[in-house]
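Novice: Structure below; questions to follow.
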Amino acid sequence: MAFVLPRISDLSETQYRLFLFVQAAVLQHAASAVPALLDSDVAEATATVAATLETARSGIIYEHQAHSIPAQRLADVVGKAVMDIARRAGADASRVERDAAVALRRIERLAREAAGESADADRPDASWLALADRMMGPPGAADAAEKTPSRDEPRIIIP
């Protein structure tokens, strides 16, 4: 959290909610992505969608493309998710798109900087994904993990 909080502390509530929404979409896609996603794919995909939103805001309709296939697949998923929220926002769609671009740029930055800050020994090229997965685990997962005995611990209670 010491890595993430200073980098997202200036987000508005809407931007923070979009940050969490997009990160959840990234993690959901990453769970079944083949080949496995890397932090660089996350950074490239979020930058691609953010660039598309920023270009549209200037009045030009152009869909930016990621360079790698895994990043483009993720960009498609993230782009569809953001556009779905914007459509549901109705009259506030342009504000949602603007805030989504900010949230996407923040995820891009975190994905690029994570390897240097919190390298995961198992997968140093997926440090951000591992950190985000730990942060966004199911509610109460950390508490349940503490209460659940590991397979090595005995399960017999001796009075």
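Novice: Could you give the nm distance between label points at ILE61 and PHE21, where each point is 7 Å from its Cα heading toward the beta carbon?
Specialist: Going by the 7 Å Cα→Cβ label model, 2.2 nm.
Novice: Once you have a ≥ b ≥ c as the square roots of the Cα gyration tensor eigenvalues for the range 7-65, tell me rounded if a/c is under 1.5, and otherwise prolate or oblate according to whether a/b is larger than b/c.
Specialist: oblate
Novice: Counting Lys and Arg as +1 and Asp and Glu as -1, each charge on the Cβ, what is the dipole of the range 1-131 about the Cα centre in debye, to the nearest 20?
Specialist: Values: 14 positive and 18 negative charges, 78 e Å.
Using only the charged Cβ atoms, the result is roughly 380 debye.
Novice: Taking 7 Å along the Cα-to-C-beta vector as the label spot, tell me the ARG95-SER9 distance in nanometres, rounded to one decimal.
Specialist: 2.6
Novice: Over the range 58-115, give the accessible area per residue in Å² for a 1.4 Å probe, as an integer.
Specialist: Working: 3320 Å² over 58 residues.
Normalised by residue count, the accessible surface of the range 58-115 is 57 Å².
Novice: Oh, and also: Calculate the FRET efficiency for LYS80 and GLU113 from the Cβ-Cβ distance with a Förster distance of 30 Å, rounded to the nearest 0.05.
Specialist: Details: r = 27 Å, r/R0 = 0.88.
Computed FRET efficiency for LYS80 and GLU113: 0.70.
The values are calculated or read from the model by the stated rules, or taken from the named source; none is laboratory data. Source: prediction; values computed, not measured. Backbone-built Cβ (ideal geometry, glycine too); neighbour counts: all protein chains shown. Note: accessible area is taken over every heavy atom of the protein model, side chains too, but ligands, DNA and RNA are not part of it. Shrake-Rupley method; radii C 1.70, N 1.55, O 1.52, S 1.80 Å.
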